[in-house]
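Below is one structure; the comments refer to it alone.
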Amino acid sequence: MKINKSSTKKIQLAWNSVYKNEYDEGLRFLILGLLDKDFSLDGVIQEIKNKRPIQYIIGEWNFYEGTYFVNQDVLIPRPETEILVDHIKNNFLNLENVLDLGTGSGCIAIEISKIFKSATIFGSDICEKALKVAKKNNNQSNNRVNFIKSNWFSDIEGQFDLIVSNPPYIPEGTKLEAGTLFEPKVALFSKETGLKDLKKIISEAINYLKVDGTLILEHGIGQSSELSSHMKKIGYKNIGTLNDLKDINRFVYGYK
Ligand SMILES: C[S@@+](CC[C@H](N)C(=O)[O-])C[C@H]1O[C@@H](n2cnc3c(N)ncnc32)[C@H](O)[C@@H]1O
C-alpha cells in the first residue's frame, strides 16, 4: 500500500506504543521514507514493534550526496563517516587510485567516485552479501567503483594514492544499543579492545600506498593515541587526527 492518512495514523500509533512519544524524529523520517513506496502496513507495524532501525524498514538511507540501498547485510551509513568523505574532498586535488577497505554499502567509495571523476576506485569487503548491496548501489549511481572480495589485503593488488577505511572497531563483548543490534556483527566488532582490524590495516596498508600516499581511518572513542603510535611505529609520516561532529577524535591519518 501507499502512505495515506489512515496508514500514517496506524504507523503513528504503533510507533508511540513502542517509543512512548520519544524519538519523534524517527517517526518523521519513517513516514517521509515511506512516501511514494509500496509497503505492507502489517509488515511495517511489526518491524516497528521489533524495534528494527527505520533505515532497514525503509530500505535506504541518505549519505553525503547520495541515497543508499541498505539491508541487514550492511552497516547503516553514519553521519560521522560523511566527515571522512568531506575531508577527502577538501584535502586532495587529484586522486588516481583509491581503495576503500570494508566498503559495506559502498557509500564511501561511491561518493569519492563522484567527486574524483577520473580516479580509479576500488571497494573491498570480506562479506559477499555486503558486496551485493554495494554493487546495487554502484549500479544506481555512476557504476564507477570496482568491487573485490578480500579479507583486508588478501586479494588486493596495486598501489594507491589513498586508502580509506571505516573498519569494525567496537571492542568485542560491548553491549550494543537497541538499533545497532540489527547490524552485522562483522561490521561492528573487533578483537583486542576493538583495535585488531585497525592495526592490521595500518601495518599492511603501507605496502599498498604510493610514496606520499595517504591512509585515513575512522575509529572508536579513545582509540586515537594508540593508533597514532602504531602508525608512527610502522613508519607513516605527518600523522594527524580529525574530530567528529561531537568534537571527539574519530579519524587518524598518515602518509607513506
Ligand atoms: C563499520 S563497516 C563500514 C561499512 C562502510 N564502509 C561504511 O562506512 O558505512 C565495516 C565493514 O568492514 C567489513 N569487514 C569486516 N572484516 C573485514 C575483513 N577482514 N576484510 C574486509 N572487510 C571486512 C564488514 O563486512 C563491513 O562491511
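Sequence neighbours fewer than 8 away in the same chain don't count; with that in mind, list the aspartates and glutamates whose C-alpha is under 15 Å from LYS185.
Counting by Cα, and skipping residues close in sequence, LYS185 has these aspartates and glutamates nearby: ASP73, ASP125, GLU128, GLU172, GLU177, ASP197.
Quick one: what do you get for the stretch 3-48 if you divide its Cα Rg by 2.2 N^0.38 Å? Kindly include the intermediate steps, with their values, before the conclusion.
Values: Rg = 9.7 Å, N = 46, 2.2 N^0.38 = 9.4 Å.
Compactness ratio reported: 1.03.
How far apart, in nanometres, would the label points at ILE115 and ALA178 be if each is projected 7 angstrom from Cα along the Cα-to-Cβ direction?
So the two model labels end up 3.4 nm from each other.
May I ask for log10 I(q)/I(0) of the chain at q = 0.09, 0.15, 0.16, 0.18 Å⁻¹, from a Debye sum over the Cα atoms as equal point scatterers with solvent left out?
Debye intensities relative to I(0), on a log10 scale: -0.42, -1.06, -1.17, -1.40.
Identify which of LEU215, LEU162, LEU35 has the largest mean-square fluctuation in a Gaussian network model of the chain, with springs joining Cα atoms closer than 10 Å.
Comparing LEU215, LEU162, LEU35 in a Gaussian network model of the chain, the most mobile one is LEU35.
So how much accessible area does MET231 have, in Å² to the nearest 10, using a 1.4 Å probe?
MET231 exposes around 0 Å² with every protein chain in place.
Pick from ASN90, ASN207, ASN146: which is most flexible by mean-square fluctuation in a GNM of the chain where alpha carbon atoms under 10 Å apart are linked?
Maximum fluctuation in the GNM of the chain, among the listed residues, is at ASN90.
Which value, in debye to the nearest 20, gives the size of the charge dipole of the chain about its Cα centre, when Lys and Arg are +1 and Asp and Glu are -1 at the Cβ? Mind dumping the intermediate values first?
Working: 33 positive and 32 negative charges, 75 e Å.
I would put it at about 360 debye.
I'd like the carbon and sulfur percentage of the solvent accessible area for the stretch 79-255, probe radius 1.4 Å, heavy atoms only, ligands and nucleic acids excluded.
Ligands and nucleic acids excluded, carbon and sulfur give 49 percent.
Please work out the average accessible area per residue across the stretch 97-195, using the 1.4 Å probe convention, and give it in Å².
It amounts to 44 Å² per residue over the stretch 97-195.
Once the mean 1/r over all distinct Cα pairs of the stretch 1-89 is inverted, what Kirkwood radius in angstroms do you read off? Walk me through the numbers on the way to the answer.
Numbers: mean 1/r = 0.0714 Å⁻¹.
Kirkwood radius, the stretch 1-89: 14.0 Å.
Would you be so kind as to identify which of PHE92, GLY240, ILE121 lies farthest towards the positive end of the dipole of the chain, taking Lys and Arg as +1 and Asp and Glu as -1 on Cβ and the Cα centre as origin?
Towards the positive end, the residue furthest out is ILE121.
Taking the dipole about the Cα centre of the stretch 5-58, with the C-beta of Lys and Arg at +1 and of Asp and Glu at -1, give me whichever of SER7, ILE54, PHE29 is farthest to the positive side.
Comparing the listed Cα positions along the dipole, SER7 ranks first.
State log₁₀ I(q)/I(0) for the stretch 109-256 at q = 0.11 Å⁻¹ as given by the Debye formula over alpha-carbon point scatterers of equal weight, solvent excluded.
Log-scaled intensity ratios, in q order: -0.44.
Checking the table LYS89/LYS232; LYS200/LYS233; LYS149/LYS199; LYS10/LYS51 against a 23 Å threshold on Cα-Cα, which pairs fail?
On the way: LYS89/LYS232 25 Å; LYS200/LYS233 13 Å; LYS149/LYS199 20 Å; LYS10/LYS51 16 Å.
Flagged as over cut-off: LYS89/LYS232.
Quick one: length gained pulling ASP36 to ASN243 fully straight, 0.36 nm per residue minus the C-alpha distance?
Separation in residues times 0.36 nm, less the Cα-Cα distance, equals 70.8 nm.
The values are calculated or read from the model by the stated rules, or taken from the named source; none is laboratory data. Since this is a predicted model, take the numbers as computed values, not measurements. Don't worry about glycine lacking a Cβ; one is built from the backbone with ideal geometry, like all the others, and counts go over all protein chains shown. Just the protein is used for accessible areas: all its heavy atoms, side chains included, with ligands, DNA and RNA removed. Shrake-Rupley method; radii C 1.70, N 1.55, O 1.52, S 1.80 Å.
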